[in-house]
1. Rank these for me by crowding, Ser88, Ser104, going from fewest to most other beta carbons within 10 Å.
2. Can you compute the FRET efficiency between Phe35 and Ser104 using 1/(1 + (r/R0)^6), with r the Cβ-Cβ distance and R0 = 35 Å? Round to the nearest 0.05.
3. Mind ordering 67-74, 31-38 by average Cβ neighbours within 10 Å, highest first?
Amino acid sequence: MILDSDLAALYGVPTKVLNQAVKRNDARFPEDFRFRLAQTEVDDLNRSQSVTGSQKHRDPRFPPTAFTEYGAILAATVLNSRRAVEMSIFVVRAFIRSRELLTSNNEVAHRFE
């Protein structure tokens, strides 16, 4: 799981831009891809100095969104930053390469199935 602010920093965009892009593409992000933190979880994060920085900059009406690995990958496809584009290309190439490796080795492919 990764918080929206951390994912935005990874992709080189402001958190607001990430959240707007996800909101515009809401149908692409089911609950197993992203979810809003409960207020108790937000309170726990804000109390823990070692886990996250100050959340005073965040609008308290909107708790952070947490992204699963699937949501984090998909978020790269709805953003236009250079880093997000690079990441989405990297993921596609990684999947293609893993498929090639599996199909080139019948034994591994059989065990994989």
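Values in this text are rule-based calculations from the coordinates and carry no lab data. Since this is a predicted model, take the numbers as computed values, not measurements. Heads up, the Cβs are rebuilt from the backbone with ideal geometry, glycines too, and the neighbour counts pull from every protein chain shown.
1. Numbers: Ser88 18, Ser104 9.
The fewest-first ordering by Cβ neighbours comes to Ser104, Ser88.
2. On the way: r = 38 Å, r/R0 = 1.09.
Rounded to the nearest 0.05, the efficiency is 0.35.
3. On the way: 67-74: 17.9, 31-38: 14.2.
Most protected by this proxy first, the peptides run 67-74, 31-38.
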